[in-house]
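The values are calculated or read from the model by the stated rules, or taken from the named source; none is laboratory data. Nothing here was measured: the structure is a model prediction, and the numbers come from that model. Here the Cβ positions follow ideal geometry from the backbone for every residue, glycine too, while neighbour counts run over all protein chains shown.
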Amino acid sequence: MSESGRLRLRRRLGRGWFVRLSPVFLTVVIASLAYATPPEMAFSRLLPAAPALAASMWPVLPTVLLGTVCLLLMIGLSLVFPDLGTWWTAAGIIAVTVAAAYGSHVRLQRERTLFQVRLVADAAQQVVLSPMPRRFGRVEIESLYLAAAAEARIGGDFYEVAETPYGVRLLIGDVRGKGLPAVGAAAAIVNAFREAAYGEADMVDVARRMDASSTRYNASFPPEGPMERFATALLVEIPHEGGRISILNCGHPPPLLLNRGELRSLESTDPSPLLSLAGLIGDHYTVDTFDVAPDDLLLLYTDGIVETRARDGEFFPLTAWMRRQPPTPPRALLRALHRDLLRHSRGRLDDDIAALAVRLGGSGGTAPR
């Protein structure tokens, strides 16, 4: 960790320590003012505020102990100032302490429940976003996933990479919707890809099996409301011999290819149907082939990136941003993308984000065939 990083960490720890002890500081300040000022000002009546504040951050027992300390302080102040109205204030301290203890108990129960939900969400997300190697032969790959809701840490964006007899195959996509239903639909697609990528020589057959799996899942777990649940997906095949890549695009944002400072959007000549919709609009799939050169950088991404907004409503300019990037490893590219997305949105993402950065091996030009 850098020196500046250590300094920021120490500052955060210092602020956390102060906040955790703020009920004690409040008690000391109120008791001091009550002792140092005339009885008519009656600062002692503020003592019930200390256990009320403690309930928001302390367990039950420390909250009760602080309430007891406040009660003893009130009794002590009454010995110095007999006309403080001790019994009314003492009754208020007792009532607030009991309520604060109950509130602390309820808060702790909810925190435990939220912790368990997060564990389940993380386990479910691992089904879709399983860890993957960073290198497949001459192909170097890095991944990025950002959830719009940090407390949920789960969404419908997905990706997967498989090294197969036909080359390295990549999948990235986005299920319409969020939460566990979207994750279930994404898991059905990813699992179908994991099987079909090894067994099917033709990417069209891989896409058909993914569509069939998505359709079966939606039939078993129908979406709520009138809207159909569908998914965009992008399949990329990088042969072992290099020199070219094949792309099958099911309604997904086209990948970006950075070659020696020149950026190209690898658009499909004839878009393929979105997953789960082939039965409605036909299952005509198109595979496009593009030549690539050594050290070309390929960026696959979900629409959450290009739909990230600044406070003034401006979308994140991904194409312009990509053109400005120097030759860099995939990890550095995604680290810079992560940083600039958060800077552009001021840390407030509106949608889940997934991306794969791929540095290609092989040989060849950059013109599409």
Legend entry - In region 268-300, the residues that are surrounded by 14 or more Cβ atoms within 10 Å (Cβ to Cβ), more than 25 Å from residue 241 (Cβ to Cβ) and free of Cβ contacts under 8 Å to residues at least 24 places away in the same chain: 271
Inset, instruction - Identify all residues within region 293-326 that are over 28 Å from residue 231 (Cα atoms), touching a Lys or Arg at 6+ places or on another chain (Cβ under 8 Å) and not acidic (Asp, Glu); write none if there are none. - result: 293, 311
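Restricting the search to region 294-316, which residues are among the polar types (S, T, N, Q) and modelled with pLDDT of 90 or more?
So in region 294-316, the residues among the polar types (S, T, N, Q) come out as 302, 308.
If the condition is that a residue be among the polar types (S, T, N, Q) and modelled with pLDDT of 90 or more, then 302 is the only one that fits.
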Inset, instruction - May I ask you to list pairs of residues, at least six apart or on different chains, whose Cβ atoms are under 9 Å apart, with the first in region 302-330 being farther than 22 Å from residue 159 by Cβ and the second being charged (D, E, K, R) and exposed (fewer than 13 other Cβ atoms within 10 Å of the Cβ)? - result: 309/348; 309/350; 310/346; 311/346; 311/348; 323/262; 327/260
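Residue-wise test of (1) over 37 Å from the mean Cα position of the chain (by Cα); (2) at pLDDT below 90; (3) over 17 Å from residue 26 (Cα atoms).
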| site | (1), (2), (3) |
| --- | --- |
| 54 | no, no, no |
| 59 | no, no, yes |
| 62 | no, no, no |
| 65 | yes, no, no |
| 69 | yes, no, no |
| 75 | yes, yes, yes |
| 79 | yes, yes, yes |
| 84 | yes, yes, yes |
| 89 | yes, yes, no |
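One line per residue, one yes/no per condition, for (1) charged (D, E, K, R); (2) touching a Ser or Thr at 6+ places or on another chain (Cβ under 8 Å); (3) in a loop (DSSP other than H, G, I, E, B); (4) modelled with pLDDT of 85 or more:
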{"residue": "97", "(1), (2), (3), (4)": "no, yes, no, yes"}
{"residue": "107", "(1), (2), (3), (4)": "yes, yes, no, yes"}
{"residue": "111", "(1), (2), (3), (4)": "yes, no, no, yes"}
{"residue": "121", "(1), (2), (3), (4)": "no, no, no, no"}
{"residue": "127", "(1), (2), (3), (4)": "no, no, no, no"}
{"residue": "154", "(1), (2), (3), (4)": "no, no, yes, no"}
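Does residue 348 satisfy the condition of being surrounded by fewer than 21 Cβ atoms within 10 Å (Cβ to Cβ) and not in a helix (DSSP H, G or I)? I'd like the intermediate steps shown before the answer.
Working: surrounded by fewer than 21 Cβ atoms within 10 Å (Cβ to Cβ): yes; not in a helix (DSSP H, G or I): yes.
Answer is yes for this residue.
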Inset, instruction - From (1) over 27 Å from residue 336 (Cβ atoms); (2) at pLDDT below 80; (3) surrounded by 14 or more Cβ atoms within 10 Å (Cβ to Cβ), pick out the condition that doesn't hold for residue 148. - result: (1)
Legend entry - Pairs, first under 18 Å from residue 102 (Cα atoms) in region 61-82, second aromatic (Phe, Trp, Tyr), C-beta under 9 Å, six or more apart: 66/58
Legend entry - In region 180-197, residue modelled with the lowest pLDDT [restricted to those that are in contact with a Lys or Arg (Cβ under 9 Å, 6 or more places away or on another chain) and not acidic (Asp, Glu)]: 181
